[in-house]
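Some notes on the structure that comes next.
The values are calculated or read from the model by the stated rules, or taken from the named source; none is laboratory data. Fair warning: this is a prediction, and the values are worked out from it, not measured in the lab. As a convention, Cβ positions derive from the backbone with ideal geometry for all residues, glycine included, and neighbour counts pool all protein chains shown.
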Amino acid sequence: MDITNLFSLKGKNAVITGASGALGGAAVRAMLGAGASVAACYNNSKERLDALLADMGEAARAVKTYRVDSFNQEAIARHAEEVVRDFDRIDVVINTAGGNVKGAYYADGGNLFDLGLQPQFDTVVLNLFGGCFWPCLAYGATMLHNSEGGSIINFSSISAFTAVRGHVAYGAAKAGVSSFTQSLAAHVARDFNPRLRVNAVAPGFIETDMTAALSEAARSAAQGSIPMGRLGAPEDVARAVGFLAGDNAAYITGQVLAVDGGMSM
């Protein structure tokens, strides 16, 4: 068995949502590094995605960028059709889009009961529906009859199964992502294509815009709760995504893989 080839995604086409973010950008690098062509989606941060691609040089020629509104189900469905026209088929979907909506969380001294309902509602819609449910249905529908199957990778969070103070709506949405991932995995494998896999990663405290906003005290407390003694890098998550995307994970579906330095143990 040539294990090296099992990591290869040469000839595969990957859709990455939230590609302008830290986690999405790391996923773009990982997919290109494994030989895949990439449909990279952004919402409002085209400059960040352009900067990432400029830094990657010639490798970025295998990337086509698209603006997709994660709050718009019809826009996501239209984009799935567009990607199939541009790339012929979709083999891998990596749903990194998500995050906390301003006003949906509180920090030290805050109170859940003082938060507005609309920001919390929007956070659930963004992470559960726009970041997971809708893209899984839109992109996944095009993958049902792929002869070689494929891989859908959602982004849950340790907030789904560990209470992170101040992030109630976000945690609830990510718990939904984990549950939906398992349900969809069973459904597509049994009823459509046993080679089409659906898994999720659940990052812990990773160096992203969300953790950059933490107070020094909160950051120190978070780091102290991690057995490995450090916050993760986006590349730590991307390596797990790369594993789940390829043939090394051919018999793995319906799993939520924590990438958290041991925090959830």
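Taking the criterion of being of a type outside the set (Lys, Arg), within 22 Å of residue 199 (Cβ to Cβ) and not in a helix (DSSP H, G or I), the residues of segment 71-103 that qualify are 90, 91, 92, 93, 94, 95, 96, 97, 98, 99. Out of all the residues in segment 202-247, which are of a type in the set (Gly, Ala, Ser) and not in a helix (DSSP H, G or I)? Within segment 202-247, 202, 204, 213, 215, 225, 229, 232, 233, 246 meet the criteria.
If you go through segment 78-96 and keep only what is out of contact with any Cys (no Cβ under 8 Å at 6 or more places or on another chain) and of a type in the set (A, V, I, L, M), you end up with 80, 83, 84, 90, 92, 94. Going through (1) more than 17 Å from the chain's Cα centre (by Cα); (2) under 27 Å from residue 33 (Cα atoms); (3) surrounded by fewer than 16 Cβ atoms within 10 Å (Cβ to Cβ); (4) of a type outside the set (Phe, Trp, Tyr) one by one, residue 231 falls short only on (3). Tally up the residues in segment 104-116 that are among the polar types (S, T, N, Q) and part of a helix (DSSP H, G or I), please. The total comes to 0.
Can you find even one residue in segment 162-181 that is under 20 Å from residue 251 (Cβ atoms), crowded, with 24+ Cβ neighbours inside 10 Å and not charged (D, E, K, R)? There is at least one residue in segment 162-181 that is under 20 Å from residue 251 (Cβ atoms), crowded, with 24+ Cβ neighbours inside 10 Å and not charged (D, E, K, R). Considering segment 169-187 alone, what residues qualify as being touching a helix residue (DSSP H, G or I) at 6+ places or on another chain (Cβ under 7 Å) and among the β-branched types (Val, Ile, Thr)? Scanning segment 169-187 gives a single hit, 177.
Considering only residues in segment 117-175 that are of a type in the set (Val, Ile, Thr) and outside any helix (DSSP H, G or I), the one that is nearest to the chain's Cα centre (by Cα) turns out to be 153.
Only one of 208, 253 is within 24 Å of residue 28 (Cα to Cα), at pLDDT 95 or above and surrounded by 15 or more Cβ atoms within 10 Å (Cβ to Cβ); which? After ruling out the rest, the residue left standing is 253.
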